[in-house]
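**Student:** I have a structure here, written as structure tokens, and I will follow up with some questions on it.
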Amino acid sequence: MNLALFIALSAALCVAACGTESNTNVSQLNEITAPVRPQGEPDFKTKDGVQIMTWVKRSDVRKAICGTLREVRNQGFSASSPEAFTRVAQAFELHPVEAEVVAVYVLEMECPELN
């Protein structure tokens, strides 16, 4: 894994795990993209209660996420764009933050040609 990707993934996990102060501005992506789940914070579990990082290590899951990212790329968007993360969130019923984490992981481990 290259250093820049590792730093970006670590920062995303830290922000997601630690949260942000309540007086900070909400990103535009969160304003236009409602979370898939009714609660506001990610729990880093699938709807079945499986830990996200355990779930995404399954080969069939990684291939399915690659397929979704490939579709987004074929529509003219980057596989690492907010549009791609939103599509992954919708397709796999994930919180947008969870979708970004698993998409970055899958892009690096399963389908780096999409980057």
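**Student:** Please list, ordered by chain and number, the residues whose modelled amide H lies under 5 Å from the amide H of Phe77; skip anything fewer than 5 residues away on the same chain.
**Tutor:** Excluding prolines and chain starts, which carry no amide H, there are no hits.
**Student:** Here's another thing I want to ask about it. Under 5 Å between amide H atoms, partner at least 5 residues away or on a different chain: which partners does Lys45 have, H built in plane at 1.01 Å?
**Tutor:** Answer set, sorted by chain and number: Ile52.
**Student:** Got a sec to turn the phi values of the range 89-102 into Karplus ³J(HN,Hα) couplings, 6.51 cos²θ - 1.76 cosθ + 1.60 with θ = phi - 60°, whole Hz, x for Gly and Pro?
**Tutor:** 4, 5, 5, 10, 6, 10, 5, x, 5, 4, 4, 5, 4, 5
Values in this text are rule-based calculations from the coordinates and carry no lab data. As the structure is a prediction and not an experimental result, all values here were calculated from the model.
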